[in-house]
Amino acid sequence: MDFQIGKLASIIASAEGGGGEGHGVGWGIFYYVGIVFVTIFVFMILARRGFRPHLFIGLPAKLAEHLYFFLRSVTTAIIGPHGPNYIPFLMTLWLFIFVSNVYGLIFPYTPSADWSLNIGFAIVTFLYVQYEGMRMNGVFGHMKHFAGPKLGGLPIAFAMLISGLIFSVEIFSEVLKIFSLSIRLFGNIEGGHIVKDALDHIITDVSIGSMHIDGVPLGGLLLPIKFFTCILQAFIWCTLACVYLAAVTGHHDEEHEHAEGAHAHAHA
């Protein structure tokens, strides 16, 4: 276990400090992030131009339409009736992560293979979830749900002790979401690059008559799988964000349904 943790730390350090191809970009990462945002901006402009009332013309517009309805179904299924309100935020997450991942299939550097960028994006997701919880339930109500359910039938001191322990564990697990989100994305994207590089170096120095080849890029065979991983990792991040939002805003729908039920009962 210690060896695995040390190996992970060395990989993260090499990703941030240099030593490998595509690593150690330092402040240059903002250059790549800028390219990602420009790509997304151009895509949205093309999608907007292809939009007509009740009609989507052109590939970018149709892709944006499919992404919207896909996220709408996901948010409604996980968060509830108010889930579509978070589509703008989730679409931003999906586009940024997906474009960053695909960037590595074309160029020698992948923004999402830099752990510092991933942890920054995870902090943004974490803060947004906390903000929505406080906006929907109030600051006290949001913090109160970390203490778990009310413990009736127990002495007050004992109930407060149990609630305090639950609150501490919940706060700790909530903060750990930052690391789980960022390390998951970093590990999958960087792991794909490591496997590709290993395959590229399996067959080296091939000579066919007078022609000499330094190496056979067998890693190219992984491109379909890596492209699927680009989509999957963006989907996983957005799905987890929906789960986190549902945990802090889900009971809002329950209260709304209860109020509607009471109103219907009174009307009847």
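No lab work stands behind these numbers, since they all come straight from the coordinates. The shown structure was predicted, so the numbers you read here are calculated from the model rather than taken from an experiment. Here the Cβ positions follow ideal geometry from the backbone for every residue, glycine too, while neighbour counts run over all protein chains shown.
Report the FRET efficiency, 1/(1 + (r/R0)^6), for residue 150 and residue 175, where r is their Cβ-Cβ distance and R0 is 35 Å, rounded to 0.05. Walk me through the numbers before you get to the answer.
On the way: r = 25 Å, r/R0 = 0.70.
After rounding to 0.05, the efficiency reads 0.90.
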Requested in this report: Would you calculate the separation in nanometres between label points at residue 203 and residue 231, each defined as 7 Å from the Cα along the Cα-to-beta-carbon direction?
Outcome: 2.9
Query - Interchain or long-range residues, amide H under 5 Å from residue 51's placed H - result: 57
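What does the charge count near residue 105 come to, summing +1 for each Lys or Arg and -1 for each Asp or Glu among other residues with Cβ under 12 Å from its Cβ?
Values: positive: 196, 226; negative: none.
Summing Lys/Arg as +1 and Asp/Glu as -1 gives +2.
Taking R0 as 41 Å, what's the FRET efficiency between residue 68 and residue 162 from their Cβ-Cβ distance, rounded to 0.05? Intermediate results must be reported in sequence, preceding the final value.
Details: r = 44 Å, r/R0 = 1.08.
The value I calculate is 0.40.
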Query raised in the report: Rounded if a/c is under 1.5, else prolate if a/b beats b/c, else oblate: with a ≥ b ≥ c from the C-alpha gyration tensor eigenvalues square-rooted, which is region 48-105?
Result: oblate
Query raised in the report: If you take the beta carbon distance between residue 106 and residue 143 as r and set R0 to 35 Å, what does 1/(1 + (r/R0)^6) give as a FRET efficiency, to the nearest 0.05?
Result: 0.20
